[in-house]
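Engineer: One structure, pasted below without further comment.
The values are calculated or read from the model by the stated rules, or taken from the named source; none is laboratory data. Every value quoted in this text rests on a predicted model; they were computed, and no experiment measured them. Using ideal geometry, Cβ is built from the backbone for each residue, glycine included, and neighbour counts are taken over all protein chains shown. Note: areas computed on protein heavy atoms with side chains; ligands, DNA, RNA excluded. Shrake-Rupley method; radii C 1.70, N 1.55, O 1.52, S 1.80 Å.
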Amino acid sequence: MKKLVLLVAIFSLSASFYGHAQSQTTHQEAFEATYQNMKSIVDSGHFRYLGHTVFESRKRKLIEASENQLDITPSNVTAHLEALDMKVYEVKSGETSNYKVNHDDATQTVEINFNIGADEFQIEVKKNGKAFLTLRSSDNNIQQSGVIERI
């Protein structure tokens with residue numbers, strides 16, 4: 001009887017390790033698929049950033065994504081971005097300069113940097129699909145998290 005209990009215990013442990021190994025592979029495959037999709041969207045040059053949260057240090061506020069967007073195409077940029085202090089950064093139609101995209105396959109991140117006039121933008125897209133936007137300008141310094149999508 002003791003041998004049977006021991007055999008069942010060993011079988012249960014081996015089954016749980018096997019299941020855990022499969023789930024790790026599945027997570028890695030999901031991250032890889034998300035990363036490849038984000039690269040494709042950014043490389044197309046036609047994408048939209050949708051902000052879900054604006055933050056500064058420990059303060060955070062949920063924002064309405066449908067009203068908080070940055071649209072990027074090769075010839076035009078439009079933006080309506082909310083700051084934590086309720087100020088709004090808005091561009092009706094603008095051109096980018098110093099546009100650069102960096103893919104880091106080791107960390108599975110995509111980084112987009114560009115300027116609109118003197119205003120500096122950085123969007124970092126993580127392997128899970130979350131996008132972090134940083135805007136540095138003379139009037140507004142905005143940090144947000146959200147997502148990107150193809151236009």
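Engineer: Return the carbon/sulfur percentage of the accessible area of the stretch 26-139, one whole number, probe 1.4 Å, all protein chains in place.
Structural biologist: C and S fraction of accessible area: 46 percent.
Engineer: Expressed in nm to one decimal, what extension gain is obtained for the pair A106 and E32 from 0.36 nm per residue of sequence separation less their Cα-Cα distance?
Structural biologist: 25.6 nm
Engineer: Then there is this: With the cut-off at 23 Å, tell me which of the pairs K100/K126; K59/K92; K39/K61; K87/K127; K39/K92; K59/K87 have Cα atoms farther apart than that.
Structural biologist: Listed pairs above 23 Å: K59/K92; K39/K61; K87/K127; K39/K92.
Engineer: Taking the stretch 81-129, how much of its Cα-Cα pair set, in percent, is spaced more than 18 angstrom apart?
Structural biologist: Percent of Cα pairs beyond 18 Å in the stretch 81-129: 46.
Engineer: Provide the packing ranking of 116-123, 39-46, i.e. peptides ordered by the mean count of other C-beta atoms within 10 Å per residue, highest first.
Structural biologist: By packing density, highest mean first, the sequence is 116-123, 39-46.
Engineer: A further question on this structure: Multiplying the sequence separation of Y99 and N128 by 0.36 nm and subtracting their Cα-Cα distance, what value in nm do you get?
Structural biologist: Result for the pair: 8.1 nm of gain on full extension.
Engineer: Please work out the average accessible area per residue across the stretch 22-74, using the 1.4 Å probe convention, and give it in Å².
Structural biologist: 61 Å²
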